[in-house]
Amino acid sequence: MQAITNCGPISRASIAKQTGLSKQTVSEIAQQLENDGWIREIGRTSGHIGRSAVTYEIVPEAAYIASVDLGGTKVRVALADLGCCVIAEAVEPTNVAGGRQVVQQIARICRSLAEKQNVASDKLAFATVGVPGVPNADTGRIQMAPNIAGLDAIDFTGLLAADLGISVQVENDVNLAVLGEHWAGCGQDIDDLVFVSFGTGIGAGLVINGKLVRGAIGAAGELGFLPFGADPFDPQILKAGALETRAGSIGMQVRYRELSNRNADVPEIFDRAEQGDQHATQTLDETAQLLARVMATIAAVANPSLIVLGGSIGQRPELLERLKPAVEACFPFPVPLKVSELGSKAAIVGGAAIGLNKLHHMLFADGLSGVDLTLPRPEVVTLKVGAR
């Protein structure tokens with residue numbers, strides 16, 4: 001199945017060559033997979049001497065996964081088929097009630113999206129959810145997610161699995177973002193990669209030696225708690241983190257108000273800096289100085305080949321212009337920085353990567369140990385709605 005998924009359309013002879021199985025064994029397995037509806041004949045080989053051969057491809061509509069990006073203000077859901085194609089997306093404001101209501105909202109969006117695409121309920125087989133916090137695998141609760149009320153008081157994973165009637169995996173959203181960039185963004189073929197998200201919160205996802213690093217309790221990359229910008233020993237500061245208090249979106253608004261005695265949201269601060277507002281310029285410069293410390297810290301600890309910047313603030317080119325010279329000034333070795341290629345869809349793409357890998361493993365390698373399935377390369381599969 002991996003040979004067909006990655007290389008289809010492909011002939012039985014080519015499958016036999018790739019897998020080392022005999023042509024007779026490949027023919028028997030292909031017949032079984034075709035009868036079960038997982039693969040189908042797509043044509044015949046051409047341009048070769050001798051008889052043409054039947055070629056096979058995966059049946060994309062045989063199964064689907066839902067990839068969910070749960071944010072403090074928006075819920076984004078994507079539906080992907082077995083052939084690794086995102087076929088539909090939906091976005092709506094996050095239910096402000098939080099808790100159980102958010103679980104019900106996600107389940108409703110997933111079902112509605114599947115119905116609109118004429119996906120039968122039994123074809124939706126798995127869901128991956130990115131959350132702005134730290135999932136507890138034992139309790140199903142989401143810790144350190146202050147922007148969505150009540151997630152730390154419910155079995156989020158269990159309730160959503162029950163509502164959807166399928167297996168659900170919950171991951172930190174920035175972890176999914178780094179996987180998205182690693183699979184289909186600017187981090188392809190880079191085994192030491194860090195994705196840093198700057199927005200309302202500040203966090204990082206780390207891929208080291210090609211593997212996602214979660215940490216002992218899943219809190220690896222909680223950069224908002226780095227002891228920069230404010231007193232980390234202040235009990236009030238400890239709730240959100242010293243760095244996030246000063247460098248996140250709320251911190252930027254507070255700093256601008258301190259300097260100018262005027263209110264402005266983050267987009268307005270960027271606009272006013274462009275228009276020559278000295279207080280806005282100073283706010284952005286100070287933010288870049290703080291974030292440069294973050295980049296230097298990451299480089300000193302993990303030494304990645306690339307740091308990808310995302311989030312509503314992190315993907316602003318005006319920030320990158322300030323950040324690069326600031327990092328060069330405070331760290332002795334080069335720290336490659338790039339703005340995310342996937343933008344706001346990084347986490348949803350990462351969720352699709354995890355979900356599709358899990359789905360393929362459940363369907364075709366369940367019970368086998370030591371099996372490492374790989375998804376098609378992004379050059380083979382275009383991750384766009386409706387593209388196949």
**OP:** Out of GLU321, GLU341, report the one residue that is modelled with pLDDT of 85 or more, assigned to a helix (DSSP H, G or I) and of a type outside the set (Val, Ile, Thr).
**Re:** GLU321
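Can you list the helices (runs of 4 or more DSSP H) lying wholly within the range 235-289 that have 3 or more residues being closer than 21 Å to PRO325 by Cβ? Write out each step before concluding.
Working: elements: 237-240, 242-247, 249-260, 266-274.
Ranges flagged: 242-247, 266-274.
List the strands (runs of 3 or more DSSP E) inside the range 137-212, counting only whole elements, that have at least 2 residues being aliphatic (A, V, I, L, M), modelled with pLDDT of 95 or more and within 13 Å of the chain's Cα centre (by Cα). Show your work before the answer.
Values: elements: 167-172, 193-198, 202-208.
Output list reads 193-198, 202-208.
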Original post:
Limited to the range 103-136, what total is found for residues that are touching a residue at least 60 places away in the same chain (Cβ under 8 Å) and over 17 Å from the mean Cα position of the chain (by Cα)?
Top reply: 5
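Every residue, every condition in (1) surrounded by 14 or more Cβ atoms within 10 Å (Cβ to Cβ); (2) assigned by TED's automatic domain parsing to the domain that holds ILE148, yes or no:
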position: ASP36; (1), (2): no, no
position: ARG40; (1), (2): yes, no
position: SER67; (1), (2): yes, yes
position: THR73; (1), (2): no, yes
position: ILE87; (1), (2): yes, yes
position: GLU92; (1), (2): no, yes
position: GLY99; (1), (2): yes, yes
position: GLN104; (1), (2): yes, yes
position: GLU115; (1), (2): no, yes
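Do we have LEU291 as closer than 26 Å to LEU212 by Cα, surrounded by 20 or more Cβ atoms within 10 Å (Cβ to Cβ) and over 15 Å from the mean Cα position of the chain (by Cα) here?
On the way: closer than 26 Å to LEU212 by Cα: yes; surrounded by 20 or more Cβ atoms within 10 Å (Cβ to Cβ): yes; over 15 Å from the mean Cα position of the chain (by Cα): yes.
Considered against the rule, which asks whether it is closer than 26 Å to LEU212 by Cα, surrounded by 20 or more Cβ atoms within 10 Å (Cβ to Cβ) and over 15 Å from the mean Cα position of the chain (by Cα), LEU291 comes out as yes.
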**OP:** Please specify each residue of the range 300-339 satisfying the condition of being among the charged types (D, E, K, R) and over 16 Å from PRO267 (Cα atoms).
**Re:** GLU321, ARG322, LYS324, GLU328, LYS338
Original post:
Looking at (1) buried (at least 20 other Cβ atoms within 10 Å of the Cβ); (2) at pLDDT 95 or above; (3) not hydroxyl-bearing (Ser, Thr, Tyr), can you tell me which one GLN275 breaks?
Top reply: (1)
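Kindly evaluate PRO93 against the criterion of being within 20 Å of GLY311 (Cα to Cα) and at pLDDT below 95. Break it down stepwise before answering.
Details: within 20 Å of GLY311 (Cα to Cα): yes; at pLDDT below 95: no.
The answer is no for PRO93.
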Subject >> Cβ pairs under 7 Å, 6+ apart, first in the range 66-95 and on the phi > 0 side of the Ramachandran plot, second part of a loop (DSSP other than H, G, I, E, B) >> reply: CYS84/LEU375; CYS84/PRO376; CYS84/VAL381
Original post:
So GLU28 clears everything in (1) in a helix (DSSP H, G or I); (2) closer than 30 Å to GLY311 by Cβ except one condition, right? Which one?
Top reply: (2)
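The values are calculated or read from the model by the stated rules, or taken from the named source; none is laboratory data. What you are looking at is a predicted structure, and each value in this text was computed from that prediction instead of being measured. So basically every Cβ, Gly included, is an ideal-geometry build from the backbone, and we count neighbours across all protein chains shown.
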